[in-house]
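Structure, as structure tokens:
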Amino acid sequence: MLKKINLLSSSEREILSIVQREGKIARAAITEHSKLSQQSVHRVIDGLESRGFLSYSAAINKARGKPSPMVEIAANGYATLGISFTTENVVVCFMNLKGEILAQYDLGTNPNAPRDVLLALQNSIEAERNNALRHRQLLGVGIAMQGIRSGSDNKFRPPEPLAAWSDIPLATLFEDRLGLPAFAENNATASATAEHFLGGGRDHVCFAYLSFNYGFGVGLFWNHQPIQGGFGNAGEISSIYSQEQAVHRPALGELVKRLSRHDLRIQGINDIPFDATNVNSIVKSWSEETGPYLRQSLISIKGVLDPTAIFFGGQAPSALRKLLIAEGHAAFTNQTSRCPVLIESRLEGDAAHLGAAFLPLHNLVF
């Protein structure tokens, strides 16, 4: 069984969070961001450096007196594992503490077969012992699942193509099988977490992330933290639509059905092409049809969250993200208060596996 890491103290996590946000920073400057005394900060940093969480580099002398050494998150020593489920594949990501990707790939197994996924995941971890995990301890695993949370013990009700995972306590299952701390989140919130740490979300204290997948969900972030809500389903924006309206919402599962009806041999989201004129016309027609329902969502997000930015991402490729942004702008035409900027996520493809890899860091380290 894989070894679990000892929990960090609140002071250690505070220091690590400061360094993570600031990047490479002078040790003396960390005190300015912390409530700890300078002596305590130095002691905590030295302890974290000895345990492989932080690393020192040469001091930069910008003023009189003895220069302070620079401190940054250590790239070696530890890693996390993220796993995300789409209706068509399972993607894993091994990541170091700095958020740098060590390895990422499709597991190549049926996403709706739990036993096969768990076995493939164990094999993947063992295969990375001499690669991504060489000289690194695996801290934990994060799981990004589509669908709504159905219980406090990380049970989800995913869409039909992932029905085999329905109402399974994911964190407990993965902890027992892998011997690692495990954390589960819906894919939209996981993607928003990736946007916060790796994308444009760094520039916004309050933002929303639209996840266009088989379904349509939203991840919400405020003050460096994801918003989960009282039942863990904050951002389940599709709940605002009636049953009759739901087929018109901007869910890619509905687009796949539309393309399939035109005999284009489209079996899943990964088959959606954007280079053929006839397909582009169908996609554009679909985006125009979903426009009023997308704008309804944007107005709702603005009214409830008041974000400064809304990112368009998920499995939607860049061309489709741009189409949807163009449809969304009209949502704020008659608004008198300040409105969020609509931004295409610069994280290519579905970012849920990246956000999943951050879940252990967010819960155990930062």
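Here are a few things to note about the model shown:
- Unmet criterion (only one of (1) within 20 Å of the chain's Cα centre (by Cα); (2) open to solvent by less than 20 Å² (accessible area, probe 1.4 Å); (3) without any contact (Cβ under 8 Å) to a residue 60 or more places away in the chain) for LEU259: (1)
- The set of residues in segment 297-353 being assigned to a helix (DSSP H, G or I), of a type in the set (Gly, Ala, Ser) and under 28 Å from THR87 (Cα atoms) consists of SER297, SER300, SER318, ALA319, ALA326, GLY328, ALA352.
- Whether a residue is in a helix (DSSP H, G or I) and either buried (at least 20 other Cβ atoms within 10 Å of the Cβ) or without any contact (Cβ under 8 Å) to a residue 12 or more places away in the chain (or both) was assessed, and GLU288 does not pass this test.
- Count of segment 129-159 residues which are open to solvent by less than 10 Å² (accessible area, probe 1.4 Å), more than 19 Å from THR87 (Cα to Cα) and free of Cβ contacts under 8 Å to residues at least 40 places away in the same chain: 0
- Taken as a whole, segment 93-103 holds at least one residue that is at positive phi, in contact (Cβ under 8 Å) with a residue 40 or more places away in the chain and surrounded by fewer than 19 Cβ atoms within 10 Å (Cβ to Cβ).
- Hey, TYR209 under 28 Å from PRO317 (Cβ atoms), at pLDDT below 95 and not in a helix (DSSP H, G or I) or not: no
- In segment 107-120, the condition of being modelled with pLDDT of 95 or more, within 30 Å of VAL19 (Cα to Cα) and open to solvent by 10 Å² or more (accessible area, probe 1.4 Å) is met by no residue.
- Residue match in segment 218-236 (condition: among the acidic types (Asp, Glu) and outside any loop (DSSP other than H, G, I, E, B)): no
- Exclusive hit being closer than 27 Å to GLY47 by Cα and of a type in the set (Phe, Trp, Tyr), set TYR105, TYR78: TYR78
The values are calculated or read from the model by the stated rules, or taken from the named source; none is laboratory data. Computed from a predicted structure; not experimentally measured. Please note: Cβ atoms are built from the backbone with ideal geometry, for glycine as well, and neighbour counts cover all protein chains shown. Side chains included, ligands, DNA and RNA excluded: accessible areas come from the protein's heavy atoms. Shrake-Rupley method; radii C 1.70, N 1.55, O 1.52, S 1.80 Å.
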